[in-house]
Amino acid sequence: MVAAGAIVTGRRSSLAVDGIVASAAPDADLGKKNAQLRRKLDALAPKTPYIVIDTALNRLQLRKGAQVLREAVVSCGSGVVLKDPSGKRSWVFDTPRGEFQVRSKAKDPVWIKPDWAFIEEGEAPPAKYNDRVEEGCWGTTPWASATATSSTERSTPGCWGAT
């Protein structure tokens, strides 16, 4: 049977485009190749727990191999640009892409609110350090500060955590 450039028979199918014919292997061969590729991929997976952040779905997964150990909703960068009313500074809220390592973690950390957080709330950034300190805003879960180790060496300000 010929349809739209494809020749389909009982066991094999071929696709002819501009005189080049590509044949698909029988299902048994595909199953073997799939299993080989799966083993290669599994060998590349980290042996220790790791975190995957899906920025499109705003989901964080703590995984070990293919197993999901924990899952959480997270807030990822939106690409929004925040401008200082003075016009002298601006901040772009993007989530960096890449592979990162947790280099340190702190239990019950304190957030030292940056200038952009005050400007975002329509307030002037305070001059006094103590007016920037926010205790307990992260809850009681163990939080980790992410520091980039990719080739671009970008890091994300703030902290994140999984419960």
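Throughout, read-outs are computed from the coordinates displayed, never taken from laboratory work. Everything numeric in this text was worked out from a predicted model, so none of it was measured. Backbone-built Cβ (ideal geometry, glycine too); neighbour counts: all protein chains shown.
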Cross-link partners among lysines for residue 40, C-alpha distance below 27 Å, same-chain residues fewer than 8 apart left out?
32, 64
Which of the pairs 83/128; 83/107; 47/113 have their Cα atoms more than 25 Å apart in this structure?
83/107; 47/113
Calculate the dipole size of segment 72-111 relative to its Cα centre from +1 charges on Lys and Arg beta carbons and -1 charges on Asp and Glu beta carbons; express the result in debye to the nearest 20.
120
